[in-house]
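The structure appears below as C-alpha cells.
The values are calculated or read from the model by the stated rules, or taken from the named source; none is laboratory data. Predicted, not measured: the structure shown is a model, and the values here were computed from it. A quick note on method: Cβ atoms are made from the backbone with ideal geometry, for glycine too, and the neighbour counts reach across all protein chains shown.
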Amino acid sequence: MRHEILSQGQFALLKLELEPGDRVKAESGAMVSMSPTLELNGTTDGGIMRGLGRMLSGESFFFQEVTASRGSGVLTLASKTIGDVRAVHLDGSYSLLVQKDGFLAATSGIEVSTKMQNLSRGIFSGEGFFVVEISGRGTVYLSSFGSVHEVSLGHGEEIIIDNGHLVAWPAYMSYQIEKSSRGWVSSFKSGELLVCRFRGPGTVLIQSHNPGGFGNWLRRFLPKSSN
C-alpha cells in the first residue's frame, strides 16, 4: 500500500492508496476523505475487552476500518492534534510503545493493544498505568503534537527526554523515570520535574511540542468564570 504524508511537519495529512481488498484501521474520527469505492465501518478490533484496554491507555474504544471493497481508492486521514505523521514499519520482531493519542492508523497485520507499566512508571511517567502497545507485521502511522524527530542511540548511549515530548519507543529499550534535577525543589523550579532516561540501542521518536505545556499556556487566555 502506497502512502504519502502531505504538509509534513505541523499540519500533516496522511494519504493512502488502497488496492482492491486492502484494509486499514484508524483512530475514531480520523477519516478526512475517501473514494466512493472504499467502505467505512466502525469496529472494536478484538472485542470489548481489547477496546476497554485501549480506553485505559487514552485511546478510543472504537476504530474506523476502511476496506477497498469495490475497487482501488484513495483515503486521507488526519489526527485530532496539530502535528506531524510518521510511518513506522514493523517486521514482527519487536513491539512499539506509544504515548496517548499517538496512534493514527495501521495496515492489516498490525495489532493495537495495551501494556501495563510498573507502579513507579504508571504514577510518574504522565502516561498512566497503561500505554499503547503496537505489534505485528505491517506499517503503523503515528501522530504527534508538533513535528516528529528521531533520536537514535548506540549500545550503552543514554539520553534524557521530557515525558511530554515522547511519541514512541521500542519495547526492548531500557528506560527509567527520574527527577530532572538532583533535588525535588530544584526539579519543580526547572519546570520539568520528571524525565525519562533512555539507554540504547534503539530509536526514540519525540515531538517538538508538549501537549500539557501548550494546554497550560492556552488556559492563561481563556475567560475565567464569574461563578
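Just a yes or no: is a residue in the range 43-55 more than 26 Å from H165 (Cα to Cα), of a type in the set (D, E, K, R) and either at pLDDT 95 or above or touching a helix residue (DSSP H, G or I) at 6+ places or on another chain (Cβ under 8 Å) (or both)? If you could, list the steps in order and put the result at the bottom.
First, pick out the residues of the range 43-55 that are more than 26 Å from H165 (Cα to Cα): 43-50.
This time we only want the ones that are of a type in the set (D, E, K, R), so: 45, 50.
Still in the list and also either at pLDDT 95 or above or touching a helix residue (DSSP H, G or I) at 6+ places or on another chain (Cβ under 8 Å) (or both): 45.
Yes, there is a match, as at least one residue in the range 43-55 is more than 26 Å from H165 (Cα to Cα), of a type in the set (D, E, K, R) and either at pLDDT 95 or above or touching a helix residue (DSSP H, G or I) at 6+ places or on another chain (Cβ under 8 Å) (or both).
Take the residues of the range 9-24 that are part of a loop (DSSP other than H, G, I, E, B) and farther than 16 Å from T139 by Cβ: which is modelled with the lowest pLDDT?
Here the answer is Q10.
I'd like to check something: does the range 108-125 contain any residue that is at pLDDT 90 or above and within 13 Å of the chain's Cα centre (by Cα)?
For the range 108-125, residues at pLDDT 90 or above and within 13 Å of the chain's Cα centre (by Cα): absent.
So G191 ticks every box in (1) loosely packed, with under 15 Cβ neighbours inside 10 Å; (2) modelled with pLDDT of 95 or more but one. Which box is left unticked?
(2)
Cβ-Cβ below 8 Å, separation at least six or inter-chain, first residue in the range 101-115 and free of Cβ contacts under 8 Å to residues at least 24 places away in the same chain and more than 17 Å from A87 (Cβ to Cβ), second of a type in the set (S, T, Y) and part of a loop (DSSP other than H, G, I, E, B): which pairs?
Once the first residue is free of Cβ contacts under 8 Å to residues at least 24 places away in the same chain and more than 17 Å from A87 (Cβ to Cβ) and sits in the range 101-115, no partner that is of a type in the set (S, T, Y) and part of a loop (DSSP other than H, G, I, E, B) comes close enough.
Is it the case that L75 is surrounded by 16 or more Cβ atoms within 10 Å (Cβ to Cβ), more than 17 Å from the chain's Cα centre (by Cα) and at pLDDT 95 or above? Give the steps one after another, and end with the answer.
Details: surrounded by 16 or more Cβ atoms within 10 Å (Cβ to Cβ): yes; more than 17 Å from the chain's Cα centre (by Cα): yes; at pLDDT 95 or above: yes.
Spelling it out, L75 is indeed surrounded by 16 or more Cβ atoms within 10 Å (Cβ to Cβ), more than 17 Å from the chain's Cα centre (by Cα) and at pLDDT 95 or above.
With more than 30 Å from K15 (Cβ to Cβ) and at pLDDT 95 or above as the only criterion, which of L142, L153 stands out?
L153
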